[in-house]
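To start, the structure itself, in structure tokens.
The values are calculated or read from the model by the stated rules, or taken from the named source; none is laboratory data. In this text, all values refer to a predicted model and were calculated from it rather than measured experimentally. Here the Cβ is made from the backbone with ideal geometry for all residues, glycine too, and neighbour counts use every protein chain on show. We work out accessible area using only protein heavy atoms, side chains counted, and drop any ligands, DNA or RNA first. Shrake-Rupley method; radii C 1.70, N 1.55, O 1.52, S 1.80 Å.
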Amino acid sequence: MSKNISILIVDDEESVRDSLYNWFIEDGYRVECAGNAKEALSIIESREFDIVLADIKMPGMDGLEMHRRIKAQNKETIVIVMTAFASVDTAVQALKDGAYDYITKPFDPDDLSHLVRNAAKQITLKAENEALRNKMNELENVEDIVGKSEGMLKVLKEVKSVAQSNSSVIISGESGTGKELIARAIHFNSPRRYFPLVSVHCGALTESLLESELFGHEKGAFTGAMYNRKGRFEMADGGTIFLDEIATISAKTQVELLRVLESKSFIRVGGNKEISSDFRVICATNKDLKKMVENGTFREDLFYRLNVVNINIPPLRERVEDIPMLMNHFIIKYCTAMSRDMVTIEPAALKRLEEFEFPGNVRELENMIERAIVIGNGKEIRLADLPMGKDIIYSSVESLDDLEKKYILQILNKYDWNITRSAKALKVDRVTLYNKIKKYDLSTGKS
Amino acid sequence: MDKHNIILIAHGQFESGFLSEIAEEVALEYNCSVAVQESQLDLMNFYEPTRRQYDGYKLLKEIDGMNIAGYTKKIGLFRVDLFIPILTYIFGQAFFKGNSGIASLYRLKNEQYGMKPDQDLLFHRFRKVIIHEIGHTFGLIHCHVPNCVMRSSTYVEDIDQKRHHLCCNCRSIIAVNEE
């Protein structure tokens, strides 16, 4: 530990400087000396020191004034003042000015070692703490948001400026553009980052289930409510609640949501006690909420409550320049996850990807890359490894459902409607495949 | 390390055989020849009446300035209470990666702590201090291995805790420094 700690000794007495120099060198610290405050300040201007050990009484500028100047230059530097017994009052003044500690000359060897060791430990812990904090922030912030296109840079700029505020945010964008990632980035760059980020996928729940999920319920509130349960708003206290697919919530839930947003309090289903929670709301939708307001399917007052800031994520086809970077990101992600060597991409395959419309946006690209790594030769992604390298014809006007339907049909035909083999090729279970066949009303075409 | 010759320069009276035994131990530890020589230095020049102690830093410089041909490292041995300006006392000190060091047995004696004299214990302590200071001249810093002789010692109890040998790590550092 001591090898990385630098100490500057400032004392006008040569014998004191030499003794201290020798003492700390033997302990493995990096040590330099200065004979007066002026010399010390000029050394500090060119190099940073972790600890400055300074005598208080020196000719010219005294140790106290030097200490103030060092602190003005770098608040992090630990200053320990050395004093003769007679000037303890001055040392106390130094402590009031922010010195780490003082030590009276001559020192007990143990006191000196302890003092400097503790200071060194504090420096190391502080550095570790900062590194861990940075790591934590890095992990959760924006590493998965890949892109240098103008559109994405604008989004990231908006994320940065909105993160510090407490305002509600609506993130809009087509399916697969990464709305949840943006929500996470806002949360983990905000002052609320040390509190929970609670996500609710509104589209996946029925009205009554969503109500119970959001507000919680009391024991016996409905059949199956065997215990008291906290709602998502309660869980998000201090943090952020992310409501995905907000456009899907019913008119009744819209009213309740509006009330909660205005009062920041609610009552659990089946309960009678009002519960307060301090949360920030971030919503996401792939629908045009404004149009829904015009149509009367989404409450105008709720829309304006939520739409304080709107971040629109451009679809992938509008930021083609991000495709190579995204592709590399997914190659690293999946090759690492599958413990495989990194693969490259054939120029023809890359060209095809750049020309492709990606109706499923980044999610579709991600799936394509994952699939290509699984079925590929382990060295490079070839055109043949990409689904559009084969017979599937995509059109930008087709919906994701249409594309899914076509792809499933193609696989079924390929395996002569053998459900097990087709499901295996599609990487879904047989029940899912049956459900899809039913959903898209697919048939063999044979009578 | 056999290219080094160490001389222990004794100031004051030591028991007969005491220093030659230590010289043998030092020679074994550092694998080099170690000689003992008596010196008649006037220690009053180094006495600090206000502290009633002897200035270790001045003594170290005095030893360093001695011109003794044929020896690469010189260690002054004393029986008096040593201090340096910043510390209340020292057992010894040396120039880091230098050629000189000093050690005193004054604070190593049991009598200083109200205990019965113990000549054997004194021998072991003094031997460790000398080997420790020579280690600094070879460029060794304080070691964190609990029983390594290079572990920092503030009190005699600390000296008693460690062995008089260098740990493997310190040994390898010397080997690298000497290459």
Just tell me which lysines come within less than 27 Å, Cα to Cα, of A:LYS406; anything on the same chain fewer than 8 places away is out. A:LYS179, A:LYS287, A:LYS351, A:LYS390, A:LYS414, A:LYS424, A:LYS427, A:LYS436, A:LYS438, A:LYS439, A:LYS446
Sulfur and carbon atoms: percent of accessible area, region A:2-137 [1.4 Å]: 48
Treating region A:317-385 as a set of equal point scatterers at the Cα positions, no solvent, please give the Debye-formula log₁₀ I(q)/I(0) at q = 0.13, 0.25 Å⁻¹. -0.31, -1.16
Partner shielding of A:104-111, as the mean number of partner chain Cβ atoms within 10 Å, equals 5
Along Cα→Cβ, 7 Å out, is where each label goes; now give me the distance between the ones at B:ARG51 and A:LYS439 in nm to one decimal. 8.5
Relative contact order of chain A, please, whole-number percent, based on alpha carbon pairs below 8 angstrom and at least 6 residues apart. 11
At a probe size of 1.4 Å, how large is the accessible area of A:LEU289, to the nearest 10 Å²? 10
Could you rank A:GLU294, A:GLU256, A:GLU26 by how accessible they are, 1.4 Å probe, largest area first? A:GLU294, A:GLU256, A:GLU26
Tell me, which residues of region B:109-155 get at least 30 Å² less accessible area when the other protein chains come in, versus the chain alone (1.4 Å probe)? B:ILE141, B:HIS142, B:THR154, B:TYR155
What figure, in Å² to the nearest 10, do you get for the accessible area of A:MET61 with a 1.4 Å probe and non-protein molecules left out? 50
Rounded to the nearest 10 Å², what accessible area does A:LYS406 show when all protein chains are kept and the probe is 1.4 Å? 100
Scoring chain B by relative contact order with C-alpha pairs under 8 Å, at least six apart, yields a percentage of 18
Using a Förster distance of 56 Å, the FRET efficiency for A:LYS351-A:ALA221 (Cβ separation, nearest 0.05): 0.45
In a solvent-free Debye calculation with one equal scatterer on each Cα, what is log10 I(q)/I(0) for region A:144-193 at q = 0.15, 0.29, 0.30 Å⁻¹, listed in the order of the q values? -0.37, -1.28, -1.34
On a C-alpha basis, how far is the centre of region A:221-275 from the centre of region B:101-160 in Å? Whole number, if you could? 71
Tell me, for chain B, which Cys residues have no other cysteine's C-beta sitting closer than 4.7 Å. B:CYS32, B:CYS168, B:CYS170
Helix A:430-439 axis, angle to chain A major axis (alpha carbon atoms, nearest 10°): 60
State the Cα centre-to-centre distance between region A:291-362 and region B:31-98 in whole Å. 75
Highest-MSF residue in chain A out of A:VAL52, A:VAL320, A:VAL293 [GNM, Cα springs under 10 Å]: A:VAL52
Taking the Cα centre of chain A as the origin and placing charges on Cβ (Lys, Arg +1; Asp, Glu -1), which of A:LEU20, A:VAL159, A:ASN295 is farthest toward the positive end of the dipole? A:ASN295
Region B:101-160: relative contact order in percent, alpha carbon pairs under 8 Å with at least 6 residues between: 31
What are the extents of the Cα atoms of region A:400-439 along their three principal axes, in Å, largest first? 23, 19, 16
So the pair-distance distribution of region A:2-137, from every Cα-Cα distance in 10 Å bins, comes to percents of 12, 46, 33, 7, 2
For peptide A:18-28, what's the mean number of Cβ atoms from other chains within 10 Å of each residue's Cβ? 6
Shielding of B:87-99 by partner chains, average beta-carbon count, 10 Å: 3
State to the nearest 20 debye the size of the charge dipole of the protein assembly as shown about its Cα centre, where the only charges are +1 on K and R beta carbons and -1 on D and E beta carbons. 2360
Pick from A:ILE267, A:ILE103, A:ILE373: which residue has the top mean-square fluctuation in a GNM of chain A where Cα pairs under 10 Å get a spring? A:ILE103
As a test of the formula, what do you get for chain A when each DSSP H run with n ≥ 4 contributes -39,500 (n - 2.57) and the sum is divided by the residue count, at 222 nm and rounded to the nearest 500 deg cm²/dmol? -14500 deg cm²/dmol
Just going by the charge dipole of the protein assembly as shown, with Lys and Arg at +1 and Asp and Glu at -1 on Cβ, which of A:THR206, B:PHE126, A:VAL169 is farthest out on the positive end? A:THR206
Debye calculation, C-alpha points only, no solvent: report log10 I(q)/I(0) for the protein assembly as shown at q = 0.06, 0.09 Å⁻¹, in the same order as the q values. -0.62, -0.86
In straight Cα distance, which aspartates and glutamates are under 16 Å from A:LYS75, not counting same-chain residues fewer than 8 positions off? A:GLU45, A:GLU48, A:ASP50, A:GLU65, A:ASP97, A:ASP101, A:GLU130
Shape call, region A:142-247: gyration tensor on alpha carbons, a/c limit 1.5: prolate
Per region B:1-153, sqrt(5λ) over the Cα gyration tensor eigenvalues, sorted largest first, in Å, gives 21, 19, 16
Might you tell me the accessible area per residue for chain A, computed with a 1.4 Å probe and given in Å²? 52
Using only protein heavy atoms and a 1.4 Å probe, how much accessible area in total is buried between A and B, to the nearest 100 Å²? 1800
For region A:317-385, what % of the accessible area comes from carbon and sulfur atoms, probe 1.4 Å? 52
Quick check on my link table: of B:LYS61/B:LYS116; A:LYS38/A:LYS105; A:LYS252/A:LYS273; A:LYS126/A:LYS157, which ones sit more than 24 Å apart, alpha carbon to alpha carbon? B:LYS61/B:LYS116; A:LYS126/A:LYS157
Subtract the Cα-Cα distance of A:THR206 and A:ASP108 from 0.36 nm times their separation in residues, and report this length gain in nm to one decimal. 27.9 nm
Just to be sure I understand: of the beta bridges DSSP finds with both ends in chain A, what percent are antiparallel, rounded to 5? 10
